[in-house]
1. From the list Glu97, Glu67, pick out the single residue that is acidic (Asp, Glu), in the same structural domain as Ile261 (by TED's automatic domain parsing), more than 16 Å from ligand 5 (Cβ to nearest atom) and within 30 Å of Ala395 (Cβ to Cβ).
2. Filter the range 211-255 down to the residues that are assigned to a loop (DSSP other than H, G, I, E, B) and without any contact (Cβ under 8 Å) to a residue 12 or more places away in the chain, then identify the one that is surrounded by the fewest Cβ atoms within 10 Å (Cβ to Cβ).
3. Test of understanding: among Pro280, Pro324, which residue is in contact with an Asp or Glu (Cβ under 9 Å, 6 or more places away or on another chain), buried (at least 18 other Cβ atoms within 10 Å of the Cβ) and under 23 Å from Pro103 (Cα atoms)?
4. Looking at the range 238-249, is at least one residue modelled with pLDDT of 95 or more, on the phi > 0 side of the Ramachandran plot and more than 16 Å from ligand 2 (Cβ to nearest atom)?
5. Among the residues of the range 261-281, count how many are away from ligand 1 (no atom under 14 Å from the Cβ), among the β-branched types (Val, Ile, Thr) and either outside the structural domain of Gly41 (by TED's automatic domain parsing) or under 16 Å from Thr71 (Cβ atoms) (or both).
6. What are the residues in the range 106-146 that are part of a helix (DSSP H, G or I) and under 19 Å from Val262 (Cβ atoms), if any?
7. Could you grab the pairs with beta carbons closer than 6 Å, sequence gap of 6+ or different chains, first residue in the range 140-163 and closer than 13 Å to Ser210 by Cβ and at pLDDT 95 or above, second one more than 14 Å from ligand 1 (Cβ to nearest atom) and of a type in the set (Ser, Thr, Tyr)?
8. Give me the residue from the range 162-207 that is within 16 Å of ligand 2 (Cβ to nearest atom) and hydroxyl-bearing (Ser, Thr, Tyr) and, out of that set, surrounded by the fewest Cβ atoms within 10 Å (Cβ to Cβ).
Amino acid sequence: MIKFFSFMRSIIVVLQLCLCLLAVETSFAAVSHVIHISIDGLRGDLLESYINSSPQDFPNFKRFVDEGATTFNGRTDYSNTETLPNHTSMLTGRPVEQPDGVPNTTHHGYLDNGSLSPTSTLHNSGNPNLSYISSTFDIVHDNGLSTALYASKDKFAIYAQSYTASTGAPDTTGADNGRDKIDIHLITPNFISMHNSFLSDMATVGINYSFLHYLLPDGVGHSAGWDSESWNNSVKTMDTYMGDMFDLIETNASLIDDTIIVLTADHGGTGTGHGTATDPANYTIPVLVWGAGVAPGADLYSLNPLSRLDPGANRPSYTASAQPIRNGDTGNLALHLLGLGPVAGSTINANQDLVVASDFEADFDANQSVDSHDLTIWQAGYSIAGGAKVNIGDANSDGNVDGSDFLVWQRQYGSSLVDTLTPVPEPSSMILMLLGVICFQQQTKRAGIQHWLRI
Ligand SMILES: [Ca+2]
Ligand SMILES: [Ca+2]
Ligand SMILES: [Ca+2]
Ligand SMILES: [Ca+2]
Ligand SMILES: [Zn+2]
């Protein structure tokens, strides 16, 4: 009788284990801090070729590639490759101009690029069909979190002026956090002091959402030309600034493991300008995401096979069936990473479906499918003890690549967002597989890679 009960108890334990294993999809854990960065004029294809040809000169941009989810083939707004219109898209999730066939309340319409008056706001100078144009600052602040804007061109005052105690919208989300949506703002052409102010503010205050704008590559591009030696050096300088960001996060106990950087650019450039919106040199920009929970070494297009498509050299319009990843996606992405909903009235990434991690723990190459290629990655990483990331085969985030990661791969094998027809093991056969594994574990004193592969 006692044997019978202990047998039943084992069965129940196994069934419970199976039930929890059936929940294979992971959910992204929100972080407390997002640093949203725009590097003015940082052309995507040039940045990529610099990193590839001399990685030692761009160690921090390379860290984004090795440790984060990235693309160098992002897109600006469709019709505009100027500074403020594109930054306004990043902050509002709206196209610059009205796309064909969509309501005239869709676009932000802020085409001005520098002639603001002290009373100019996005609301009185943008799309006349909108009385108020909401932003990332609204959503974060209305939810009781802290916000900051650091910008290195005076014309960025348009954002500070648009969200003051008198120009910002009343807060109707939970407790009243007020109409002044930007807690800290520093707008100065002295980007070195701007950068240092951010580093010290962030270390002491721990701002939840910061938007930073660095002018350097744009200024050098206009004087010396994009892809000139001076321009290359300006990107090296920005690389050291990004190194400061990593240091800031990794030396601060309250930021590490709770912060994500989202980096993009307003436009690229060629010759000494960037005004032609149809020129690939102007519309090709990077989108680099790094930090807690972000898939390491991942390509953003591979991570988003259902919602985004690498446009090659093309310039898809907003109504194209397959959308590229745009700088305008990054605002609603930043909000999503903070666990917040989208900007009111936004249309770019408005359903926040741009993801930065795989749905599956055993998707080691981060393409939203668990297949034999993921197994080869696990095989190559097998027996690494300590410091392993998911892209070398650590499915259960313990830093080791071992048999338990293989078991995760085994139960997720065939899972895919792309091809839902791929057979997934039936629960009953999964139970049999699991029982087999448990017996195997008991019988095996030393589990080498060949043993796991023979299961
Ligand atoms: Ca610019
Ligand atoms: Ca509120
Ligand atoms: Ca995969
Ligand atoms: Ca592991
Ligand atoms: Zn410019």
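The values are calculated or read from the model by the stated rules, or taken from the named source; none is laboratory data. Note that the structure is predicted; figures quoted are calculated from it, not measured. Please note: Cβ atoms are built from the backbone with ideal geometry, for glycine as well, and neighbour counts cover all protein chains shown.
1. Going through Glu97, Glu67 in turn, just one is acidic (Asp, Glu), in the same structural domain as Ile261 (by TED's automatic domain parsing), more than 16 Å from ligand 5 (Cβ to nearest atom) and within 30 Å of Ala395 (Cβ to Cβ): Glu67.
2. By that ranking, first place goes to Ala253.
3. Answer to the check: Pro324.
4. No: zero hits.
5. Number satisfying all stated conditions: 2.
6. Residues satisfying the conditions are Thr136, Phe137, Asp138, Ile139, Val140, His141.
7. Qualifying pairs under 6 Å: Val140/Thr147; Val140/Tyr209; His141/Thr147; Thr147/Tyr209; Ala148/Ser210; Leu149/Tyr159.
8. Only one residue tops the list, namely Thr172.
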